[in-house]
Amino acid sequence: MSVAAGVILVFMACLTFADIVMRIFGRPIPGVYEVVGFLGVAVAAFVLPRSSLERAHVGVDFVYEKLSPTPRMVMKITTRVLVAVFFFVAAWYFVGMAQSFIATKSVTMTLKLPFYPVVYVLVFSFVVQAIVSVYQIVEKERERRQEQ
């Protein structure tokens, strides 16, 4: 997923650059804002699970660091459970949103691109993120059992 995000990001940069150059000649590329917006959602969606898996996100540890090992483990597992539940619920909500977009035939204004594929990209990413959170819970439990 990270490779796809990287490729999409490079494509977004090239498309934006081409649009800027074409504007100089009075011929902007129609729909660039729509395409770049959709691709930006895809990049964010594809990067989220891996950054969580690699713990590359920002954390606020000033309370966490003061806890003893057992409450620290409980706090880690609790937050992972909440994250998993949140992303599963969000994915479920987005499935409904995508179905609504299909039913109403919602499309972008310039290129008439349908919205629902972008929403399904989010659904896929959110489900993967929830699975990553469940995996991290199992991993933490395994660590706890090895410490005992």
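Data for the structure
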| quantity | calculated |
| --- | --- |
| Fewest-first ranking of 8, 131, using other Cβ atoms within 10 Å as the exposure measure | 131, 8 |
| Lys/Arg +1, Asp/Glu -1 at C-beta; the stretch 2-147 dipole; positive extreme among 3, 97, 117 | 97 |
| Sequence-distant lysines (8 or more away, or on other chains) whose Cα lies within less than 17 Å of residue 76 | 66, 140 |
| From phi via Karplus (6.51, -1.76, 1.60), per-residue ³J(HN,Hα) for the stretch 76-85 in Hz, x at Gly/Pro | 4, 5, 4, 5, 5, 4, 4, 5, 4, 4 |
| Karplus-derived 3J(HN,Hα), 6.51/-1.76/1.60, for each residue of the stretch 20-34, Hz, glycine and proline x | 4, 5, 5, 5, 4, 8, x, 10, x, 7, x, x, 4, 4, 5 |
| For the chain, size of Cβ-based charge dipole, Lys and Arg +1, Asp and Glu -1, in debye | 100 |
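Values in this text are rule-based calculations from the coordinates and carry no lab data. It should be emphasised that the depicted structure is a prediction, and the values quoted were computed from it without experimental measurement. No Cβ is skipped: glycine too gets one built from the backbone with ideal geometry, and neighbour counts run over all protein chains shown.
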